[in-house]
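Peer 1: Dumping the structure here so I can ask a few things about it.
What follows draws every value from the coordinates through simple rules; no lab data is involved. None of the values given here were measured: they were computed from a predicted structure. Methodologically, a virtual Cβ is constructed for each residue, glycine included, from the backbone with ideal geometry; neighbour enumeration extends over all protein chains shown.
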Amino acid sequence: MKQKTWNKIIGFILFLFAIGLFCLQIGLLLFSKKYQVEYIDNRLFYIFNIFCVTFLTLAILLLIKLTRKNKFYGAFIVVSFIILHSILIFDSEQRINNVTSISPNFKHVLSVKENVESGDTFYFRSYYGILARPKERLPQSIDGNFKVKWLANDVVAVTYKAADQTLQQFIGTYGDRGSGHSYYYVGAEIHGRWESQNITVISNQEGISVSENGKTQLFLWDNIVQFGTIAIVLKNHNEAAWTISLDESFKVDSDSTKPKVGTITLYKATMKKNHPITLNYKSLEK
């Protein structure tokens with residue numbers, strides 16, 4: 001008796017899950033164009049269809065007593081449905097290249113979608129976890145794969161080769177190091193000298209210089225691109241060289257003469273495997 005009761009309870013719960021997923025899918029189809037919203041990863045549409053049918057099938061098995069013949073036909077239909085949607089997932093990936101990555105603290109999701117045929121690539125901002133809207137178009141067409149690295153819980157660097165074979169970096173930012181009500185310039189906030197082992201970064205009126213193993217490269221302010229309020233990309237001949245981001249410990253202070261509180265992260269633009277470097281404030285540079 002208890003087993004039958006539990007079967008009914010679990011079956012009813014699975015049925016509700018199936019109905020919930022079905023309503024979500026229908027709602028997205030009806031309102032996606034009006035509100036310019038879509039899944040943060042296109043493959044989720046087919047994955048949710050698979051879960052919906054699976055939950056519904058399990059619910060029917062637990063709630064309704066079926067003959068062996070009906071079970072066989074049902075299993076055949078479900079397996080065929082899953083195989084078909086697996087093929088559709090593969091086909092979707094050939095048309096839209098989805099780059100999806102979750103932040104280390106699971107609070108933010110990076111979503112970049114590349115139309116393989118046209119070469120158009122858009123950065124999407126997530127809403128309610130699994131939904132997203134296009135926020136920004138990447139200026140260069142992509143040639144090859146993306147390399148994704150989270151520099152903080154709210155800063156992610158996307159490195160890629162553009163169609164003209166230049167190395168580029170796009171930075172997704174999801175936080176702020178100030179009050180959240182005002183815009184500020186990262187270059188001005190890190191004014192001074194920053195060091196870590198064999199790396200030195202100096203930000204002054206001339207620009208930002210990076211010294212690595214005795215070699216120094218100066219990046220003028222015209223060659224520095226800011227993303228949000230917590231990251232900048234240093235460029236050389238229209239090619240990304242370094243990314244500098246403000247760590248979560250960094251405190252924005254309008255008084256540039258005071259010692260900086262917190263650390264910054266330096267990340268080299270390369271398609272090879274590398275790690276971010278944490279830099280500590282040393283002194284004020286004029």
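Peer 1: Counting only residues 5 or more places away or on other chains, whose amide H sits under 5 Å from the amide H of residue 264 once H atoms are built in the peptide plane?
Peer 2: 247, 279
Peer 1: Give the cross-link partners of residue 260 among the lysines, using a straight C-alpha distance below 19 Å as the criterion and excluding same-chain residues fewer than 8 apart.
Peer 2: Cross-link targets: 251, 282, 286.
Peer 1: Can you list the residues, at least 5 places off or on another chain, whose amide H is less than 5 Å from the amide H of residue 236, using H built in the peptide plane?
Peer 2: 241
Peer 1: Non-local amide H neighbours of residue 136 (under 5 Å, H modeled in plane, Pro and chain starts lacking H): which ones?
Peer 2: 123
Peer 1: Which aspartates and glutamates, on any chain, are close to residue 272 with Cα under 20 Å apart, when same-chain ones fewer than 8 places away are left out?
Peer 2: Filter leaves 143, 164, 212, 239.
Peer 1: Can you give the alpha-carbon Rg of the chain over 2.2 N^0.38 Å, where N counts its residues? Provide the component values of the computation, followed by the final result.
Peer 2: Working: Rg = 25.0 Å, N = 286, 2.2 N^0.38 = 18.9 Å.
Taking N as the residue count of the chain, the ratio is 1.32.
Peer 1: Pull up the cross-link candidates among the lysines for residue 65, meaning alpha carbon to alpha carbon under 30 Å and not fewer than 8 places away within one chain.
Peer 2: Straight-line reach from residue 65, under 30 Å: 2, 4, 8.
Peer 1: Still on this structure: With n ≥ 4 as the cut-off for DSSP H runs, can you work out [θ] at 222 nm for the chain, using -39500 (n - 2.57) per run divided by the number of residues, rounded to the nearest 500?
Peer 2: Theoretical 222 nm ellipticity from helices: -10500 deg cm²/dmol.
Peer 1: Express in nm, to one decimal, how much length is gained between residue 273 and residue 107 on full extension, taking 0.36 nm for each residue of separation and deducting their alpha carbon distance.
Peer 2: 57.3 nm
Peer 1: Find the relative contact order for the chain and round it to a whole percent, using C-alpha pairs within less than 8 Å whose residues are 6+ positions apart.
Peer 2: About 12 percent, as a whole number.
Peer 1: Let's see if you can work this out: charge +1 on each Lys and Arg Cβ, -1 on each Asp and Glu Cβ, no other charges. What is the dipole magnitude of the chain about its Cα centre, in debye to the nearest 20?
Peer 2: 1600
Peer 1: Moving to a separate point now. What are the ³J(HN,Hα) values, in whole Hz, obtained from phi via the Karplus relation 6.51 cos²θ - 1.76 cosθ + 1.60 with θ = phi - 60°, for each residue of the range 148-156 in sequence order, with x given for Gly and Pro?
Peer 2: Rounded to whole hertz, the list is 10, 9, 7, 8, 7, 5, 10, 9, 10.
Peer 1: Another question about this same structure. Using 0.36 nm per residue, how much length does the chain from residue 204 to residue 165 gain when fully extended, once their Cα-Cα distance is taken away?
Peer 2: Separation in residues times 0.36 nm, less the Cα-Cα distance, equals 10.9 nm.
Peer 1: Please list, in order along the range 125-138, the HN-Hα scalar couplings obtained from phi with the Karplus expression 6.51 cos²θ - 1.76 cosθ + 1.60 (θ = phi - 60°), rounded to whole Hz, x for Gly and Pro.
Peer 2: Coupling constants for the range 125-138: 9, 7, 9, 6, x, 9, 9, 8, 10, x, 10, 7, 9, 5 Hz.
Peer 1: In nm, what is the difference between 0.36 nm times the number of residues separating residue 261 and residue 122 and their Cα-Cα distance? Could you put the intermediate results ahead of the total?
Peer 2: Numbers: separation 139, 0.36 × 139 = 50.04 nm, distance 3.47 nm.
Net length gain for the segment: 46.6 nm.
Peer 1: Between residue 248 and residue 86, what FRET efficiency comes out of the Förster formula 1/(1 + (r/R0)^6) with R0 = 35 Å and r the beta carbon distance, rounded to 0.05?
Peer 2: 0.30
Peer 1: Next up: What FRET efficiency do you get for residue 47 and residue 141 if R0 is 22 Å and r is their Cβ-Cβ distance, rounded to the nearest 0.05?
Peer 2: Details: r = 28 Å, r/R0 = 1.29.
The pair residue 47/residue 141 has a calculated efficiency of 0.20.
Peer 1: Compute the semi-axes of the equivalent ellipsoid of the range 151-199, taking the square root of 5 times each eigenvalue of the Cα gyration tensor, and list them largest first in whole Å.
Peer 2: They are 24, 18, 12 Å, listed from largest to smallest.
Peer 1: With charges set only on the Cβ (+1 for Lys and Arg, -1 for Asp and Glu), what does the dipole of the range 176-283 come to about its Cα centre, in debye to the nearest 20?
Peer 2: Dipole about the Cα centre, nearest 20: 320 debye.
Peer 1: Tell me the label-point distance for the pair residue 283, residue 188, using the 7 Å Cα-to-Cβ offset, in nm and rounded to one decimal.
Peer 2: Going by the 7 Å Cα→Cβ label model, 2.5 nm.
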